Structures are given as C-alpha cells and as structure tokens.
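These notes concern the structure reproduced below.
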Amino acid sequence: MIQETLILGQIGKAIHRVDDRYFVIDASNQREPVECRPGDVSLMLDSGAEVSSILSSTVDFESVRDSLEFSTRAYRSLAMTLGGLDKSLTAQTRSLCVEAAEELMQENDVGAFVKARLFARPLPTSTDVEGGIACAKSVEAPLVQALFTDLTHSQETIHLMLDSWEEMAPEFFNSEEEQAAGEKLFIEFGVFAKLASALSSNPFNPTAVNSIIVEYGTKLSLLSVLPRAPQILNNLRAILFRRLLIPRKKKPTLKATDTDKLQAPIDVTSTDISGAILNLITDFDKRRLWKPSKQHEVEERIKNQIAAVGKLVLKGELRRANEFLLGLLEFHLKHSEKKHVAMSLCALATLARDAYSFEFAKELLVYAFALNEQDPFIWCTQAEVLRASGEIESALTVYEEAISLFPNDEIAIGGYATTLSDLGRFDEALEIYEALVDRTPDNRIARDGYAETLKRVGDFDSANKVYRETIHMFPDDVVAYTGLAETLKAMGDLDSACKTHKEVTARFPESAEAHNAYAEVLKDMGDLDSSLRIYHEALARFPRSIFARNGYADTLKNLGKLKSAAKVYRETMLLFPGNRVALRGYASLMVIMDQFEEVERLLSYLPDKIVSRDDWIGFHILTMSRMKRGQIDDAIARLEYGWQAAKWGDVRAYFGTALGVARIKKKEYREAIRVLSQDVSSLDHFQKQKRFAFIAHSKAELGEVKDAASTLAEVSVTTNRRIASLKQALLDRYNLNPINAQSTKSRNAEQLQKEIEQAEFYLALAA
Amino acid sequence: MTTCLRCSSEVGETEEKCSTCGAFAGPPNVRAAEKLEEQVALERRYDEAVSQSYLDGSDAALMSFDVNMELTFAVVNVDIDFLRQFVTSDKMTFSNYDLSVKGQIRKSAEATHDRHRRTIGAMLFGGYSEHIRYAALSLDGGGLQSYGAFAIKLRQISIANRATLLEDNSYNFIAKHKLQGGEEIPPGYVAKWDERHKLAVSKLAKTVSAGTSEAEHPKILLRSTGDRNTDECIEVHIYGGFDNKAIESVRGKSPTKGKYEIAAISLIKDCLNQSQNAWIEE
C-alpha cells in the first residue's frame, strides 16, 4: 500500500513509499516503478525541483501517475514559456521553446498553471517580452502570444499586488516560511494571476476584484488548506484599493557606486592575529585568573591543540594555523607555566622549519622570546631555524649568544659546532666537538655530530671509529648505525655498507629511515631490483613514509621507468603538498623527460635570493634544465654562483661537479679540469668517482691520453650502472684501453659521444 | 575517531562536524577511506595486481590502464527533465518563478531519509548516508544509461576533496560480500579520489591482458547494459550535494522527435554554452 508520495513535476519524477521501501515513477516512460537506489532521492531533491507531498493511504498508483503526468506537462510548459522570454538564449532555441509551449498549453489546465506562475512575479531583467511576442508571431503560437501580451500589460499591477501582499501577510503568518507557503497556495490557486488581470483592466473595475475575493474566499479546496483565506483576501483587497488611490513610489535601485558604501566584510589578517597574540602574551599576568582542577585533561588538550596547529603548519595553511594558535595560547597561558608555553612555541617553530615555513617559524620564536623566559632551548631553536633557512652566520651569532648566557649548555655547544661545520670551518668544529665529547662522553647527539663532521672532512677512519664506539655505548642509536653504514659507503666499501644497512634494518624494523638508507645503498651498488623490493617492503610497512615514497620513485627513475616514477611523485605531492623533496624529485624527472616548461613551473617558488639548503638544490635542478635546453652560458653563470655562494660544502661540491660538466659541454676542457679538481679529497666516494671520470674525459679531449687513462683507472666503481657505462664509453671513445678495442668497432664515435654526454648530464643532475 | 582541530574533542566517525564546537572535521567518507587499514589493504591489492601483471606479461598493458585510470572522472546520468531543471536552476528567468518552500523540501527530505537509513546506503555510511550523492567513474564520459540518457561529467575540483570510491555499485557490493546490517565492509575496496586508479587496477587488472588496447579501457571500467542489475561500474560517493556549477560537460544524443524534447535540448545546449561547458554529442 502506498504510504506517501512526493511529486517532483519539474523533473518528471514521483517517489512513493510502499511498506517503507521507496520507488521512483518516471513520467517519460510507462515502466513500472523502480526501487530507488542509494542516492536517487538525494539527487532528485538536489535538483532544486519543487516538491509536492501527498500523505495518504487512499492514493493508488494510477492516480499518482496521473498527477505526475499533469505536473510534468505543466512544468515543461512553464519552462518552455520562460525559454521563449529569455533573451540570453539563441533565437532558434526561443522559437523551439515557444512552439513546444504552444503545444503543451493546448490543455487548459496546463495553460492556467503557466499563467498562474507568470503573473505571480514581476519579470526579471533577463527577460525580453517583446522578443517573445515576435517569436510567438513568427512560429504562429497564438496562445503564447496572447499570454506574453497580457504579461506586458500587467507588470505594473503585479508589482502593486506583491507589495500589498508583503505589507499585509506578516500579520497573518507566524514565520517567513509559513508566509511563503501561504503565498505559494495563492499562486497555485491562481489568485494572484486573476487579481493582476482584474487590476490591469482599463478603466479599473473594482467589481471584478470583489468577485475574485468572493470566489476564492468561499473556495473549499483553498479553505481546507488555508482556513484564514477569507480574512487574508479581504485585507489584501483593502490594501490594494488604498494603494491604487496613492500612486506607488518606485523602489530605489542600488547604483553600482552605492556598493562602495556597503561595509566590507571584516578581514582578520594574520597581522591582526599576530597583534592579538602579542597582546595576549604581554597581558599574560593580568589574565591569569584561575587554575584547572584536572591537570591531565589540560595537558591532553594542549597536546592535541599543538598537534592541530602542527598539522596545519605541515599543510601550509598558516593563516588557519595562526588562528588556532591564538586559541591554543589563550588556553595554554591560563593553565600552564610560561616556560611550558615557550617550549610549545619552540616545538611548533621546529615543525614550521621542517615544513619550510621559515617566516612562520621565526614569528613563533618572537612570541617565545616575548615570554621573557631564560631557556637555552629558545635560543637553540632560533639558531636552528636560521641555519635551515640559510642564514648561517646569523645562526652562529645566536649560538654564540646562547653559549655566553648558558655556558654549559651541551645542545648550544653542539649546535655551534655543527654550524661551524656548515661554514666549512671544520677545524674549529672538530675542536669543539672533541672537547664536548670528552666532557660529556654519554652525549650521543654530540658523538653523532662529531662523527658526521669527521665524515665531512673525509676522515672516514676516525668517523668509523667514533660511530662504532657510540654503537657500543648506545646499542639502540639508529642514527649511529646509519651513520656508520653511510661512512662505509663514502669510503667505497659498499659490501660492508650494504651489510651494515641490512643489519640496521633488521635491528630497527620500525625505522623508516633505516629501510630507506638500506634501499639507497643497494641503489648505489647498482642492485636496483633489490632496492625496489626494499622500498616496496618499506611502503607496505610505512605507507605514508615520505622517504620511502621518494626513494621508490627515484629508484624507478633509475630503472628507466619514467612514467611510473612520475606517477609515484605525483601521488606523493598530492599526499604531502608541502614536501619539497618530492617536488624536486619530480622536477628532476621532468628534466630527464625534457619537460622544461613543467620544470620552470614547478620551481617557480624559488626566491630571487637563494639561501636555504633546499632552495639551493631546487636552483641546481632548474639550472640543469636550462643547460639541457641549450642555455649553456646562463647555466654556467648560475652554477658558478652556486659553487661560490652556497654555504654547505656538499652543496658547493655538486655545483662544482655540474659546472665541470657544463665546461666540458662548452669544450672548455682546461677550465673543466680546474673546477673538477678542487676539493676532491673531501668528497665522498661516488662524487670522487664522477669527478675522476669527467676529468679523464677532459684530458682525453686535450689529447693527454696517457694521463686520461691513468685518471680513468681511478674510477673503480663497477656497480653503479651510469658511472660504469660512462667509464666504458670513455675507454671506447678515446681508445684508452687497447684490450677492449673490439667494442670500439661496434659503436661509432658519434654514438659514443652521445652516450658520454647523456651519462655526464645525468650524473651531474643527480648531484 | 578524529580529533577536532579546534577544541580537541573527539569527533564521531559519521559526524562531519565537531559536536562540541561545530568545527568542520572533513567529509566522513573521506576520513573513512583515509584510515590506515583501508590504505594498506588497498595498497596491498594494488601491489598484488601489479606484481601478477609482471608474471602474466601484461605489465605494460596494465601500466597503460593504470595511467588512464588517473584520468577518470565522475559522471551522473540523468534524464531530460532533470537535466533541463538542473542547468536552468540558477538562471534568473527560470528561478524567478520557482516556488520551492525550503522548509517543505527539507521536511520531505528528512522524513524520507529517516526511513532510508535502514537501506543499503545506511549499511555503507551509517548516519551520514543521506549526505552521499552517487556517480559512476568514467574514462570517456559515458555513464550508466539505466539512470538516464544524459551523462553529466562533474568537474574534478567540485568533488575531489569530498569523493571516495567503492569497487562496485553499492547493491552489488553488499550482495557480493554477503554483508548484513551492522557488519563492517572489508578493507581495501574503497579509495580516496586521488587513489581511484589503484582501486580500478585492483578490481580490473585481471581483465587487462597483454593485448588489451587503450581503446578498450572505457568499457573495461564501466559497462552500461541499460539494466541497473547488470550494470558494472566503480561507484563514486560524493559527500554533500552539488549544483550546476559542478558540471564540466554533458554527453548525450540529441533527440530528433518531440517538440518539447528538441526544444529542451536546444535550451540545455544554450545554457551549457553560456557557462562554457561542453555538450558532447553521442
């Protein structure tokens, strides 16, 4: 049995409920009702179609279909009529609409429905009645033509009638919603349409208006749904007659210039929020009024709020982060010691630093300092933010200030040494680290920093020793293990490095970084398939690990699966929109795929003045892209700049390597050798191998074949596919190894030259 | 459970807003698809499908299919009256004469949904099923004709942040997995919008062989039989409604008879043209 029906004539559908199941009836076919699928009902209601509801158990399927079919014809006719009036439509469409409307309006009730609607509202400015009339004439549609002509004459009275309704209705209805429902009834019953026609008659005939009021005031079908209809109609008539005697004032229209006077929405800029936060902090003592009873709840809430701000920072939504921060600080300051608030700000600044939002990080530290807390951690955090943003001298100054204020603070001293190391002041850095490790032998961070600096200066044996001691003292120090493996790799002992990484991965299965490092060394060894497998495992274990995703993509790139690599990078960028490593990896891939415009677009975020380490890497990729597209002089100028200006030794080194390749490409071999020979001793194993190969190439081109052969003999890597194949191509191209003369015959000089160029470019791009 | 970013209260899995402070917590269907177990299970299915393709020698064809699946979009099939109403609903000439009483629509909708909660949608989405709109994933713009002859292609920007995908249409999915009310759906069969290609590969890899050409991909993805019971598709679930600004294009066949039908299509094409959306003739 049908329990309820919704008729949506505008879309030609009815939904009815039978035994709590919903069925849809379609006016455009005679098929049996189809049971609604999930979403059917929502979609229909989303269409904006009018809904009429029949709540009755006496309604049968046939009467529902009859109601729907009439309703559908009526709404189709209305839509077609409006189409004939719409001046934005083409003449052809308007004519077609008028023709269709004429056909549909042959049914009297349909015509009455359309008229009831059209005379209930003034014509909007988007209509063109004159055009509609002309169109109706041209397609010979007399019903539509008459309707449009009446409509033109009735506009004044339609305004009058609606103004009168607006004046009178609030007295009879409790809400706007009720009033709208009452108005709808008046329209559907045709009250407004008839009144508008009567009021338009010339000369004005009050008797015609009175007849309408009496007709509808006694209509039972209207009274059954609106019992107060007679009073409403009488009041409406009184107001209409009064207004007819007093000429209606035209409604003022809003000029374009008036909009300027409208108050603009308040824009709470981040500056306003910053001011609010500083006020909050400086008024802190006055505002502290009460203490909470449940400390653990407070701590939990603060922890969650910090996490929330942190998430926004990582997403790059700094405006919202600032807004949340205000809320966090308000609560935090009320319930915590100032020192704890300062620590929270430092933690957030570190997060912002890691998300490359250096300015936001600095702003957070301004707040932290404004709390007037004397804690070395605030100074150290500021120094680290400065260091990460490339302001290394400033970072050093802050560390010096921290050490003068807190002479025994190990973190400040260690950070100072690391910063000296960044500046290439290795001797000073090592001296400080040695003293620190002597003084605090159980300071594992100092030990790891010391070993890392030893690695940087090329003292791999000492680095190896320190890492091993640290591992002996702290068997759970994954950083030391990884550092040791990396040192072995830098020494060229790839088998030991690989073995160590494998052990580290087994020992620390929850460390994504350990998996990543293991996969990386396999990649360096040329075992790309195993590397890919480890990355697969890492991704299964840590599906959101940015390291694993980027490493996986890079391995695919090395395997020549460029499309797949691009896909992984794109996914990673979607997952981690602020991650520059993925973006740069993708940009680098685009260089290989000759998508130079895409590279420019991706790296357009780079500032004019390159300062941070990350921006230098991006700058390098952009430069390599320009070199590949033939802008060699521009590329050389940029590489020279990077080689001289970058603050980090390893960054300078790969700019130097790429500069050497650019010089080779320009056939400036002597200059290439000069650049490539600089600081070779401090380079890691792979960088050294690349440099030797490039130098050998330059020497060979200069005709120094013997010398070239001995330099090339230094290239001992056979596992890295690109270095190995470059070496072979150089041997073949310049006949540096007579034993392999056979292979020279199989490839001509042109082919070899191309191979060499490609390999050198790739190795220079890979930094 | 999700933690409210504003007030740190816990937000229920089926809630879109924090009941404490009213902050928006994100579409619940997307949050559900982002759960770690869902992502890991889908990733695993995807990896298995890819690995199998290497064994079968269909890896290149599957990679091509995979890449194409990233280019897919959501389509909603409707009939001519719906389409006409939908595209004209924001045009002043037409909307001026609408007499929708918001309260009435809302009451009708609420009453309907209250009862609808016991249905398929409720099994998949619980309390927020009334907010879900359904579409089909398509590669060539074709949709399920059993829902109407005209396929509306939705703009990616209008749904990407609030759409998720289910491997099959909801009815078939519930039936295939023999799910009863209150049972959790098995993980790995839903995906976020950005990972729709993984779901498509997981589901359809077995139908892609070394000889499969790109031209076959649209039909592998979506099979419109004209009968809702036998249609095959990946279903798109969109949290919340959409208006005609979400349209990117409409695909259909222009009628050649019926004054109303011919005029209505002409009107629809004009409106699409004005909003710079395409009509694609079949």
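Table for the structure above
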{"item": "Answer residue from region A:720-767, given it is over 26 Å from residue A:652 (Cα atoms), assigned to a loop (DSSP other than H, G, I, E, B) and polar (S, T, N, Q) and is modelled with the lowest pLDDT among those", "result": "A:737"}
{"item": "Selected residue (criterion: surrounded by the fewest Cβ atoms within 10 Å (Cβ to Cβ)) from residues of region B:202-226 that are in contact with a helix residue (DSSP H, G or I) (Cβ under 6 Å, 6 or more places away or on another chain) and not in a helix (DSSP H, G or I)", "result": "B:226"}
{"item": "Meets criteria (at the interface with chain B (Cβ under 7 Å from one of its Cβ atoms), without any contact (Cβ under 8 Å) to a residue 24 or more places away in the chain, out of contact with any strand residue (DSSP E or B) (no Cβ under 6 Å at 6 or more places or on another chain) and on the phi < 0 side of the Ramachandran plot) for residue A:78", "result": "no"}
{"item": "Scope region B:146-162; condition among the small types (Gly, Ala, Ser) and over 27 Å from residue B:34 (Cβ atoms); matching residues", "result": "B:146, B:148, B:149, B:151"}
{"item": "Residue match in region B:155-169 (condition: at the interface with chain A (Cβ under 7 Å from one of its Cβ atoms), modelled with pLDDT of 75 or more and part of a strand (DSSP E or B))", "result": "no"}
{"item": "Residues that are under 17 Å from residue A:154 (Cα atoms) and in a helix (DSSP H, G or I), drawn from region A:174-202", "result": "A:187, A:191, A:192, A:193, A:194, A:195, A:196, A:197, A:198, A:199, A:200"}
{"item": "Residue B:117 being touching a Gly at 6+ places or on another chain (Cβ under 8 Å), more than 8 Å from chain A (Cβ to nearest Cβ) and modelled with pLDDT under 70", "result": "yes"}
{"item": "Region A:543-576, residues that are surrounded by fewer than 18 Cβ atoms within 10 Å (Cβ to Cβ), modelled with pLDDT under 85 and more than 11 Å from every other protein chain (Cβ to nearest Cβ)", "result": "A:546"}
{"item": "Qualifying residue in region A:356-365 (condition: closer than 28 Å to residue A:419 by Cβ, of a type outside the set (A, V, I, L, M), without any contact (Cβ under 8 Å) to a residue 40 or more places away in the chain and in contact with an Asp or Glu (Cβ under 9 Å, 6 or more places away or on another chain))", "result": "no"}
{"item": "Test for residue A:403: is it surrounded by fewer than 22 Cβ atoms within 10 Å (Cβ to Cβ), aliphatic (A, V, I, L, M) and either without any contact (Cβ under 8 Å) to a residue 24 or more places away in the chain or closer than 17 Å to residue A:440 by Cβ (or both)", "result": "yes"}
{"item": "Flag if residue B:210 is more than 15 Å from the chain's Cα centre (by Cα), of a type in the set (A, V, I, L, M, F, W, C), over 16 Å from residue B:247 (Cβ atoms) and within 14 Å of chain A (Cβ to nearest Cβ)", "result": "no"}
{"item": "Test result for residue A:46, touching a Lys or Arg at 6+ places or on another chain (Cβ under 8 Å), of a type in the set (Asp, Glu), over 30 Å from residue A:149 (Cα atoms) and at pLDDT below 95", "result": "yes"}
{"item": "The one condition in (1) over 22 Å from residue B:92 (Cβ atoms); (2) in contact (Cβ under 8 Å) with a residue 24 or more places away in the chain; (3) within 10 Å of another protein chain (Cβ to nearest Cβ) that residue A:103 fails to fulfil", "result": "(2)"}
{"item": "Number of the condition not met by residue A:52 [criteria: (1) touching a Phe, Trp or Tyr at 6+ places or on another chain (Cβ under 6 Å); (2) within 9 Å of chain B (Cβ to nearest Cβ)]", "result": "(1)"}
{"item": "Residues (out of contact with any helix residue (DSSP H, G or I) (no Cβ under 8 Å at 6 or more places or on another chain) and either at the interface with chain A (Cβ under 10 Å from one of its Cβ atoms) or aromatic (Phe, Trp, Tyr) (or both)) located in region B:145-154", "result": "B:146, B:147"}
{"item": "Qualifying residue in region B:62-85 (condition: more than 8 Å from chain A (Cβ to nearest Cβ), without any contact (Cβ under 8 Å) to a residue 40 or more places away in the chain, in a helix (DSSP H, G or I) and surrounded by 18 or more Cβ atoms within 10 Å (Cβ to Cβ))", "result": "no"}
{"item": "Pick from region B:239-276, criterion crowded, with 21+ Cβ neighbours inside 10 Å and outside any helix (DSSP H, G or I), ranking: farthest from the other protein chains (Cβ to nearest Cβ)", "result": "B:251"}
{"item": "Residue match in region A:186-204 (condition: out of contact with any helix residue (DSSP H, G or I) (no Cβ under 6 Å at 6 or more places or on another chain) and under 16 Å from residue A:234 (Cβ atoms))", "result": "no"}
{"item": "Where residue A:591 falls short, out of the listed (1) more than 14 Å from chain B (Cβ to nearest Cβ); (2) under 27 Å from residue A:315 (Cβ atoms); (3) within 24 Å of the chain's Cα centre (by Cα)", "result": "(2)"}
{"item": "Selection within region A:697-716 - free of Cβ contacts under 8 Å to residues at least 60 places away in the same chain and under 18 Å from residue A:684 (Cα atoms)", "result": "A:711, A:712, A:713, A:714, A:715"}
{"item": "Residue check for residue B:9: more than 21 Å from residue A:307 (Cβ to Cβ) and either at pLDDT below 85 or over 23 Å from the mean Cα position of the chain (by Cα) (or both)", "result": "no"}
{"item": "Criterion: more than 14 Å from chain A (Cβ to nearest Cβ) and either buried (at least 17 other Cβ atoms within 10 Å of the Cβ) or not in a loop (DSSP other than H, G, I, E, B) (or both) - qualifying residue of B:137, B:124, B:199", "result": "B:137"}
{"item": "Within region A:515-542, tally of residues that are within 13 Å of chain B (Cβ to nearest Cβ), of a type in the set (A, V, I, L, M, F, W, C) and surrounded by 22 or more Cβ atoms within 10 Å (Cβ to Cβ)", "result": "1"}
{"item": "Whichever residue in region A:667-688 is farther than 18 Å from residue A:720 by Cβ and β-branched (Val, Ile, Thr) and, among such residues, is surrounded by the most Cβ atoms within 10 Å (Cβ to Cβ)", "result": "A:675"}
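Residues checked against (1) more than 14 Å from every other protein chain (Cβ to nearest Cβ); (2) farther than 27 Å from residue A:107 by Cβ; (3) crowded, with 22+ Cβ neighbours inside 10 Å:
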| position | (1), (2), (3) |
| --- | --- |
| A:117 | no, no, yes |
| A:131 | no, no, no |
| A:135 | no, no, yes |
| A:142 | yes, no, no |
| A:146 | yes, no, no |
| A:155 | no, no, no |
| A:164 | yes, yes, yes |
| A:168 | yes, yes, no |
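The values are calculated or read from the model by the stated rules, or taken from the named source; none is laboratory data. Fair warning: this is a prediction, and the values are worked out from it, not measured in the lab. Note that we place each Cβ from the backbone using ideal geometry, even for glycine, and neighbour counts take in every protein chain shown.
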